[in-house]
Amino acid sequence: MTSSRPSVGVDDRSHLRSRVEFLEELNRWHTHELESLASLGASYQRCPPSSDAAALVELTLPYLQRIAAFNSIGVLLTTEDQLAFELSLCDPPHRSMQVRKDRDALIESGRFAWALKQATPVLDAIGDRVRVLARIAVGKEVLGMLVAEVTSAELLPKRAQRLLSAMLRQLAYAIHNSALYQRLEEQNRYLEGMLEQRNQQLHHAITHDVLTNLPTRKQFQHEIHRDILRSQRLNGGVALILLDLDYFKRVNESFGHAVGDQILQKVARRLTANLRDYDALARLVGHQEQSCVCHLGGDEFGVLLTDEAADQMEPLLNRLIAALAHPVRVAGHRISLGFSAGIARFPQDADNAETLLQHAEIALHEAKRQGRNRHLSYHPAMKALSQTQMSLGSKLHEALDRNEFSLVFQPQLDVRTHNVIGLEALLRWTDEHGNRVPPDHFVPLAEETGQIIPIGNWVIREVCAVQSRLIAQGIQIPIAINISAVQFSHHGFTENLVSTMELHQIPAELIELELTESVLVRNVQQSLTLLADLRKRGLRISVDDFGTGYSSLSYLRQFKVDTLKIDRLFMQDADREPESGAIVAAIIAMGRSLGLKLIAEGVERGDQVRFLRDHECYGVQGFFYSEPLAEAQLFAYLNQYRMGEGHSTGDGMQLPSPGSGVPLSPPC
């Protein structure tokens, strides 16, 4: 049996051929579409990540032109606030005005907003042309709109519309990614800036003082080292000035640390402002800044000068001191400040930063030791003195344990009766080698190191013991004890004094406390409270070295002291120079008007005694009557006095041997 195959007619073959051609054409289009999209994607990849939207649109234009024969192509992109659409590109360029008009008309009619919601291009026939609207979006985020024209809708079939939509999606993603990259870059730059700023803040916090915003000691040392290296290369010079506020601790104690901090800030600003003016002048003549100010800590500041500024150090220093001399107004207080300064220079005084700073500190310490409120330049002899002071400080710590301290007593007499009316206990130190150390050498050092507290307590115990032995022999004479500022303000001072007196059974009226004016005004309120307590217990109070400190009548009235001691500085020439005599006479008159007992110190000549007697100051103390006596000498002297013995001086005056209540012949 023979099989038969169905016959294929001419029409069927033609239809099949058309179908094959259609599929081949469709395949060619799909291939073209894929190649176009791949080529566009590759072009985007070659673009820098930071490319802006306009550059990406311009890159996309040739690919859009291959889709269809567009008469014109305009690309509108949203503004940064997404409130408007601005023309980014137009081809040909002369159609830009028309594209803008079309945009405005479409927006007004609502057609623009409707087209933005369509996933595929919108074609509008307008006369003899067809307008094409296609959105540029990533998801729901609209980035722009394509506004184009073709002659006929047939030039943009569905497949061409799909390709157009695909390319615009690619463009949208490229613009979106570029914007995202730029935002990330901007954020990175912001974070890097914040990190850099934070690092600068941390570095500033490490290298600058929080209170004054000036460089710290460590940073200042770095600045000194840098400037010395620079000066070595340029054969220049460096001057270092260390400034210290005199008695600044009193300010903190009197007004509080908050006021003290404000004063330090004002001082820092004054220093900086005056040196900034000099640096501004230096810049005008083509030089770099030549000064640096730092806060070394506490009440100490440093000023570093280089080159021409170092050569002009002396006038600059005078300028700074003049600026700092003006009273500071803080919290309703008007506070005057004093300054001490130490100066060292490179290369004259040191060849490195550490030594320069050390020598400036030595000069500063010497300025303070010499009485403060002065400035001194470093001299090699100062270093030897500083080392001596350090050695002395080491010995001072052991002097009390080695029993190297002793007391001597200088009588105080009434020039009318020549009776002994009191004794002043004076501290002496003989070191382990038998060398006598002057009080003005070791007492300030003891105050500075705090050793004055145990030494002062020892003095109180010894005075009470001596007074107890005097009482046992029937002699009752008040003994004055010098009290330092540190000792007076130390917690437990009054309790220690009273308990020691009670232990030795010493009546309060036989102990007198000598305080300098500066001790009393150091903390007025504290002084008033302590003095009131001491006087309530029956102790006598005297003001020592009157006339050398504050010399304020109001202070004397406030503190209600018993005795006023006229300093030997004024007594030295009171009988010889009218000016000195007038000062002493004024002090005597003031003391008498307040009902105070008066004692003149440093009396060494008969003419001084006559001067005092003529001005009705009858209490005297000095070598004219007696040098300071050790305890054994004192007892022998007092016993001799009680027997009425004396000896004559060369100027016709009877020099008494002190005694209790036994009058001797008055001066001629």
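General remarks:
- Residues of the range 455-471 that turn out to be surrounded by fewer than 17 Cβ atoms within 10 Å (Cβ to Cβ) and either closer than 12 Å to PHE405 by Cα or of a type in the set (Asp, Glu) (or both), as a count: 1
- Among residues of the range 483-514, those that are within 20 Å of LYS560 (Cβ to Cβ), outside any helix (DSSP H, G or I) and either among the hydrophobic types (A, V, I, L, M, F, W, C) or touching a strand residue (DSSP E or B) at 6+ places or on another chain (Cβ under 6 Å) (or both), counted: 5
- Members of the range 367-391 found to be in contact with a helix residue (DSSP H, G or I) (Cβ under 6 Å, 6 or more places away or on another chain) and closer than 24 Å to LEU427 by Cβ, listed by number: SER386
- Residues that are of a type in the set (Lys, Arg), in contact with a Leu (Cβ under 7 Å, 6 or more places away or on another chain) and not in a helix (DSSP H, G or I) occur at least once in the range 135-149.
- Positions within the range 484-543 being touching a Leu at 6+ places or on another chain (Cβ under 8 Å) and among the β-branched types (Val, Ile, Thr), in sequence order: THR494, ILE511, ILE541, VAL543
Condition check ((1) at pLDDT below 90; (2) in a helix (DSSP H, G or I)) across all residues:
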| position | (1), (2) |
| --- | --- |
| ASN199 | no, yes |
| VAL210 | no, no |
| ILE241 | no, no |
| ASN252 | yes, yes |
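- Taken over the range 327-338, the criterion of being in contact (Cβ under 8 Å) with a residue 24 or more places away in the chain and open to solvent by 30 Å² or more (accessible area, probe 1.4 Å) is satisfied by ALA331, HIS333.
- Counting the residues of the range 435-452 that are part of a loop (DSSP other than H, G, I, E, B), in contact (Cβ under 8 Å) with a residue 24 or more places away in the chain and polar (S, T, N, Q) gives 1.
- The residue of the range 380-417 that is most open to solvent (accessible area, probe 1.4 Å), among those that are in contact (Cβ under 8 Å) with a residue 12 or more places away in the chain, of a type in the set (D, E, K, R) and not in a strand (DSSP E or B), is ARG416.
- Breaking point among (1) open to solvent by less than 30 Å² (accessible area, probe 1.4 Å); (2) in contact (Cβ under 8 Å) with a residue 24 or more places away in the chain, for SER580: (2)
- If the condition is being open to solvent by less than 20 Å² (accessible area, probe 1.4 Å) and more than 25 Å from TYR44 (Cα to Cα), then the range 59-72 contributes no residue at all.
- Members of the range 30-58 found to be of a type in the set (S, T, N, Q) and open to solvent by 30 Å² or more (accessible area, probe 1.4 Å), listed by number: THR31, SER39, GLN45, SER50
- Answer residue from the range 78-87, given it is of a type in the set (A, V, I, L, M) and in a loop (DSSP other than H, G, I, E, B) and is nearest to GLU149 (Cα to Cα) among those: ALA84
- Count of the range 138-165 residues which are surrounded by 19 or more Cβ atoms within 10 Å (Cβ to Cβ) and within 60 Å of the chain's Cα centre (by Cα): 2
- Just one of the listed residues (GLY450, GLY474) is open to solvent by 10 Å² or more (accessible area, probe 1.4 Å) and either under 34 Å from the mean Cα position of the chain (by Cα) or farther than 30 Å from TYR637 by Cα (or both), and it is GLY450.
- Residue count for the range 207-224, restricted to those that are of a type in the set (A, V, I, L, M, F, W, C) and under 12 Å from the mean Cα position of the chain (by Cα): 3
- One residue from GLU361, GLU424, GLU366, GLU432 being surrounded by 18 or more Cβ atoms within 10 Å (Cβ to Cβ), not in a helix (DSSP H, G or I) and not polar (S, T, N, Q): GLU424
- Pairs with Cβ under 9 Å, 6+ apart, first in the range 192-215 and surrounded by 13 or more Cβ atoms within 10 Å (Cβ to Cβ), second among the aromatic types (Phe, Trp, Tyr): THR212/PHE301; LEU214/PHE220; LEU214/PHE301
- Complete set of residues in the range 289-320 that are surrounded by fewer than 18 Cβ atoms within 10 Å (Cβ to Cβ) and either more than 18 Å from PHE220 (Cβ to Cβ) or over 19 Å from the mean Cα position of the chain (by Cα) (or both): GLU289, GLU308, ASP311, GLN312, GLU314, PRO315, ASN318, ARG319
- Among the numbered conditions (1) under 30 Å from PRO327 (Cα atoms); (2) among the small types (Gly, Ala, Ser); (3) surrounded by fewer than 18 Cβ atoms within 10 Å (Cβ to Cβ); (4) touching a residue at least 24 places away in the same chain (Cβ under 8 Å), the only one that ALA239 does not meet is (3).
- Residue count for the range 494-538 satisfying the condition of being surrounded by 14 or more Cβ atoms within 10 Å (Cβ to Cβ) and either among the small types (Gly, Ala, Ser) or under 21 Å from GLN558 (Cα atoms) (or both): 22.
- Counting the residues of the range 88-115 that are surrounded by 17 or more Cβ atoms within 10 Å (Cβ to Cβ) and either acidic (Asp, Glu) or part of a helix (DSSP H, G or I) (or both) gives 9.
- Residue check for VAL75: within 17 Å of SER165 (Cβ to Cβ), open to solvent by less than 70 Å² (accessible area, probe 1.4 Å) and in a strand (DSSP E or B): yes
- In the range 435-447, residue surrounded by the most Cβ atoms within 10 Å (Cβ to Cβ) [restricted to those that are out of contact with any helix residue (DSSP H, G or I) (no Cβ under 8 Å at 6 or more places or on another chain) and within 22 Å of GLY371 (Cα to Cα)]: PRO439
The values are calculated or read from the model by the stated rules, or taken from the named source; none is laboratory data. Quantities reported herein were computed from a predicted structural model and do not represent experimental measurements. FYI the Cβ positions are ideal-geometry reconstructions off the backbone, even for glycines, and counts take in every protein chain you see. Heads up: the accessible areas ignore ligands, DNA and RNA and are worked out on the full protein's heavy atoms, side chains in. Shrake-Rupley method; radii C 1.70, N 1.55, O 1.52, S 1.80 Å.
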